[in-house]
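The values are calculated or read from the model by the stated rules, or taken from the named source; none is laboratory data. All of these numbers come straight from a predicted model, not from anything done at the bench. Here the Cβ positions follow ideal geometry from the backbone for every residue, glycine too, while neighbour counts run over all protein chains shown.
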2 protein chains.
Amino acid sequence: MERISAEEALNIVLDKVRAKQTSQNIQLNEALGRVCACTVYAPIDNPPFDRSPLDGYALRSVDTSGASPEKPVWLRVTGTIYAGDACTKRLEHGTALGIMTGAMFPPGCDCMVMQENVRIEDGGTEILITGPVGAYENYVRAGEDIRKGQLLVEAGERLSFAHLAILAAMGFEDVSVKRLPVLGLFCTGDELAATGSPLPPGKIYNSNETLIGQRMRELGFVPKILPASGDDAGMVAAKIDAVIEEMDGLITTGAVSVGEKDIFHDVFKILGVQKLFWRLNSKPGGAILCGIYRGRPLFCLSGNPFAALTGFELIVKPAIGKIASRGDLAIRKQRVKMAGGLAAKPVRRFIRARIENGAAKFPAEHLSGQIFSITGCNCLLDIPAGAALDSGGEVEALLF
Amino acid sequence: MERISAEEALNIVLDKVRAKQTSQNIQLNEALGRVCACTVYAPIDNPPFDRSPLDGYALRSVDTSGASPEKPVWLRVTGTIYAGDACTKRLEHGTALGIMTGAMFPPGCDCMVMQENVRIEDGGTEILITGPVGAYENYVRAGEDIRKGQLLVEAGERLSFAHLAILAAMGFEDVSVKRLPVLGLFCTGDELAATGSPLPPGKIYNSNETLIGQRMRELGFVPKILPASGDDAGMVAAKIDAVIEEMDGLITTGAVSVGEKDIFHDVFKILGVQKLFWRLNSKPGGAILCGIYRGRPLFCLSGNPFAALTGFELIVKPAIGKIASRGDLAIRKQRVKMAGGLAAKPVRRFIRARIENGAAKFPAEHLSGQIFSITGCNCLLDIPAGAALDSGGEVEALLF
């Protein structure tokens, strides 16, 4: 198969994967970061009733017309309304009610005056108003924040703390969200040893499971980890066959190059996987094999950690983003200045880097087997084939 | 008590709260975003042994000196080493071993040659080398990525997917992290109704629990929710007294202004809370009361949702950041251009806004009781008292 560009490969994959359609109702306090499954409109006004923004006295504006320090208006205080009180009794002409912040305005009243702007007389049974109060002065109307029927959250939006607070203010206990895709992670290689026990000669600890698995967690997915396997095509094929129906996609690492033990070519043959592409015309992560098996995508990444991560960022992240209806996981690019130079190489490269104040710093050591210098990186620099870059030169960066 | 600036208030609080010192060992796959409790050094090299970066033949460079197309060197192939194989047998002069990517180099060998650069003869039992191969050509040395004893993660660093992958590559199964602070969230107010049931007249649904609770989750904390309470100072005091020993801090909302039902002044008296400050000289969120009770901070926020959020961002977030050893939660500021104008007001204000491409857009409606326009905001604009701002004017923004 021809080597193709990362862009062509991604288009092939995006054309084949579909957004997961099923949804579920979950409690608001479990829904942070989830994708809203349906458009939600306001079932009630917020605030739900006309209410006072301050502590003071609720009154009728007409009663105060013509009031002045010389000709003050006296109003009889008939009680106090606290926040939370139901208030159905009409306010009569010539009377006022004490009202607290957040309390419902009584019918008949159309304004309030702050405590500090009245004179309280006769032990609080009367107040003296020394100036006119306008209609709807210090008056919060029902629906001023949110009007009943108003659009609150659109289907496909990712729920933030603010969305959830709005839904709570509307009285919702739960919300319909897209189900998270079930994504498997399966690391292969005879060289892999489990962490937590001594390392036999010739073996390495399995860091890809953590590298890719924790990157997925950072993005909001909890991968289903399959125990790592050795390089046995029959066993690997049987394992994939046994679990694929529970999955919306499967990510593997290892055994996708051209060596004798690069078993995924055989695995694809054994299972009859529809191959989408094999190998990109870029490094690292060029050795990536993708296919569709029983309707599910298989993303087979390199066993070299940084190559696996590059393949993940270029192809898997946007693809699982589509499956999960997560538009924020599409490829995002930014032009950046290089904080150092790079000699030309004949192949397009993706170099790990950190953008800080618009400049991209990159480590001197960035071989595909190296993981230490991944720490702190927040992008991949896209270095075209044959390009020699001086410090200060501009390139495109793919943001993590 | 005097109204003070947000900065003075925060300093008072930061001076009183202490970083939680206890730590726990947790599995790597549960440790994403947690704060590393001790400095970790590499227990082994990575790679752990000298290994081949490619598929080909491992050999001794001295055997190839003087090789040319006219005078090729013949080497006997004595076997193949695969990734994961232990390899202790010394490579003899005049011989080569097939070697696969990631496989351990045998003792005695100091280079390898790619498969495509040799001629394979006699069914693979001999190879023909037509040029000299340099010492350590195509040779990855043990420790090239990480050297045994090297600093891996410093105490206090927040663990990213890359840190965790590095720890996995070193064979660690778990990591020591700071324990998360236990933070209570307690909403009060006679006006609060629980979501999920019809709204009685005069009541509002409790959105603060979700607003503050989900904002805390976004920052990596899972608050311990206490059931909301009415405005009864004795009951609220008893509740706080009953739970405070299980907490590292408690956040409340409601009842901190000057009204009759602003019960937290009484709660502080009943419990004998050491008052740190009451009220900021800014709006909204000016009504915030903080104290220390049995060594734990009490953060009593306004009942108005946006005022509560502002108090949370100005005071609580950096304070719980200190308790949790989360330096990333300290106040972060940025100068931004206003995308619209604002008339002067006599008081310092914090206006919700969204920074996009360096300009801060803010909603026309931003009263403290309003929550709808919090959606999408990523900062608070710090508008000085008395400042009239034109579109394009610069202000300081506190980043969420």
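Would you confirm whether any residue within the range B:211-223 is facing chain A (nearest Cβ under 8 Å) and more than 27 Å from the chain's Cα centre (by Cα)? No, every residue in the range B:211-223 fails to be facing chain A (nearest Cβ under 8 Å) and more than 27 Å from the chain's Cα centre (by Cα). One residue alone among B:Val35, B:Val77 is touching a helix residue (DSSP H, G or I) at 6+ places or on another chain (Cβ under 7 Å) and of a type in the set (A, V, I, L, M, F, W, C), and that residue is B:Val77. A:Glu70 passes every criterion in (1) part of a loop (DSSP other than H, G, I, E, B); (2) crowded, with 16+ Cβ neighbours inside 10 Å; (3) not aromatic (Phe, Trp, Tyr) apart from (2). The lone criterion from (1) within 8 Å of chain A (Cβ to nearest Cβ); (2) part of a helix (DSSP H, G or I); (3) more than 30 Å from A:Gly196 (Cβ to Cβ) left unmet by B:Glu116 is number (1). Residues in the range B:119-130 that are surrounded by 14 or more Cβ atoms within 10 Å (Cβ to Cβ) and touching a Ser or Thr at 6+ places or on another chain (Cβ under 8 Å): B:Ile129, B:Thr130. Remark: A:Leu192 falls outside the filter, which requires a residue to be more than 30 Å from B:Asp50 (Cα to Cα) and touching a helix residue (DSSP H, G or I) at 6+ places or on another chain (Cβ under 9 Å).
For the range A:345-389, taking the residues that are in contact with an Asp or Glu (Cβ under 7 Å, 6 or more places away or on another chain) and under 18 Å from A:Leu301 (Cα atoms), the one that is modelled with the lowest pLDDT is identified as A:Gly369. If you scan the range B:356-381, which residues turn out to be surrounded by 20 or more Cβ atoms within 10 Å (Cβ to Cβ) and touching a residue at least 40 places away in the same chain (Cβ under 8 Å)? Result: B:Ser368, B:Gly369, B:Gln370, B:Ile371, B:Ile374, B:Cys379, B:Leu380, B:Leu381. Return yes or no: is A:Leu28 in contact with a helix residue (DSSP H, G or I) (Cβ under 8 Å, 6 or more places away or on another chain), of a type outside the set (Lys, Arg) and more than 30 Å from B:Asp231 (Cβ to Cβ)? No: the conditions fail for A:Leu28. When the range A:1-54 is limited to residues that are of a type in the set (S, T, N, Q) and not in a loop (DSSP other than H, G, I, E, B), the one that is surrounded by the most Cβ atoms within 10 Å (Cβ to Cβ) turns out to be A:Asn46. Checked across the range B:80-94, the condition of being touching a Gly at 6+ places or on another chain (Cβ under 6 Å), over 25 Å from A:Ile263 (Cβ atoms), among the hydrophobic types (A, V, I, L, M, F, W, C) and more than 14 Å from chain A (Cβ to nearest Cβ) holds for at least one residue.
Among all residues of the range B:236-248, there is at least one that is closer than 22 Å to B:Gly33 by Cα, touching a helix residue (DSSP H, G or I) at 6+ places or on another chain (Cβ under 8 Å) and either at pLDDT 95 or above or within 11 Å of chain A (Cβ to nearest Cβ) (or both).
Do we find a residue being free of Cβ contacts under 8 Å to residues at least 24 places away in the same chain and either of a type in the set (D, E, K, R) or under 27 Å from A:Ala31 (Cβ atoms) (or both) anywhere in the range B:222-242? Yes, the range B:222-242 contains at least one residue that is free of Cβ contacts under 8 Å to residues at least 24 places away in the same chain and either of a type in the set (D, E, K, R) or under 27 Å from A:Ala31 (Cβ atoms) (or both). Mind listing just one residue for me: the one in the range B:55-67 that is part of a loop (DSSP other than H, G, I, E, B) and away from chain A (no Cβ under 14 Å) and, of those, nearest to the chain's Cα centre (by Cα)? Going through the qualifying residues, I end up with B:Arg60. In the range A:149-165 there is at least one residue that is of a type outside the set (A, V, I, L, M) and either free of Cβ contacts under 8 Å to residues at least 12 places away in the same chain or touching a His at 6+ places or on another chain (Cβ under 8 Å) (or both). Please work out which residue is nearest to A:Asp145 (Cα to Cα), limiting yourself to the range B:370-399 and to residues that are part of a loop (DSSP other than H, G, I, E, B) and hydroxyl-bearing (Ser, Thr, Tyr). Of everything passing the filter in the range B:370-399, B:Thr375 is nearest to A:Asp145 (Cα to Cα).
Given the structure, is A:Ala228 surrounded by fewer than 19 Cβ atoms within 10 Å (Cβ to Cβ), more than 25 Å from A:Ala330 (Cα to Cα) and within 14 Å of chain B (Cβ to nearest Cβ)? Yes, satisfied.
Mind listing whichever residues of the range B:247-259 are touching a Gly at 6+ places or on another chain (Cβ under 7 Å) and not in a strand (DSSP E or B)? Hits for the range B:247-259 are B:Met247, B:Gly254, B:Ala255.
Taking the conditions exactly as written (over 21 Å from A:Ala193 (Cβ atoms) and touching a residue at least 60 places away in the same chain (Cβ under 8 Å)), does A:Asn304 satisfy them or not?
Answer is no for this residue.
Only one of the listed residues (A:Arg51, A:Arg119, A:Arg60) is outside the structural domain of A:Arg158 (by TED's automatic domain parsing), in contact with a Leu (Cβ under 9 Å, 6 or more places away or on another chain) and within 27 Å of B:Ile263 (Cα to Cα). That residue is A:Arg119.
If you go through the range A:84-103 and keep only what is closer than 14 Å to A:Tyr57 by Cα and among the polar types (S, T, N, Q), you end up with A:Thr95, A:Thr101. Restricting the range B:270-310 to residues that are touching a strand residue (DSSP E or B) at 6+ places or on another chain (Cβ under 6 Å) and within 14 Å of chain A (Cβ to nearest Cβ) leaves a set whose member that is nearest to B:Ala344 (Cα to Cα) is B:Lys283.
Yes/no matrix, rows are residues, columns are (1) of a type in the set (S, T, N, Q); (2) closer than 19 Å to B:Pro200 by Cβ:
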{"residue": "A:Asp63", "(1), (2)": "no, no"}
{"residue": "A:Val73", "(1), (2)": "no, no"}
{"residue": "A:Thr78", "(1), (2)": "yes, no"}
{"residue": "A:Gly98", "(1), (2)": "no, no"}
{"residue": "A:Ala103", "(1), (2)": "no, yes"}
{"residue": "A:Asp110", "(1), (2)": "no, no"}
{"residue": "A:Arg119", "(1), (2)": "no, no"}
{"residue": "A:Gly124", "(1), (2)": "no, no"}
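The condition of being under 45 Å from the mean Cα position of the chain (by Cα), among the aliphatic types (A, V, I, L, M) and assigned by TED's automatic domain parsing to the domain that holds A:Asn29 holds for only one of A:Ala162, A:Ala86, that being A:Ala162.
Within the range A:83-101, take every residue that is modelled with pLDDT under 95 and hydroxyl-bearing (Ser, Thr, Tyr) and give me the one that is farthest from A:Ser52 (Cα to Cα). My answer is A:Thr88.
Restricting attention to the range A:167-192, and to residues there that are of a type in the set (Gly, Ala, Ser) and within 8 Å of another protein chain (Cβ to nearest Cβ), which single residue is farthest from B:Ile371 (Cα to Cα)?
Looking at residues that are of a type in the set (Gly, Ala, Ser) and within 8 Å of another protein chain (Cβ to nearest Cβ), I get A:Gly189.
Provide a single number: the residues in the range B:314-351 that are assigned by TED's automatic domain parsing to the domain that holds B:Leu250 and under 22 Å from B:Gly369 (Cα atoms). Residues flagged as assigned by TED's automatic domain parsing to the domain that holds B:Leu250 and under 22 Å from B:Gly369 (Cα atoms) within the range B:314-351 amount to 4. Of all residues in the range B:193-208, exactly one satisfies the criterion of being at the interface with chain A (Cβ under 7 Å from one of its Cβ atoms) and touching a residue at least 24 places away in the same chain (Cβ under 8 Å), namely B:Ser207.
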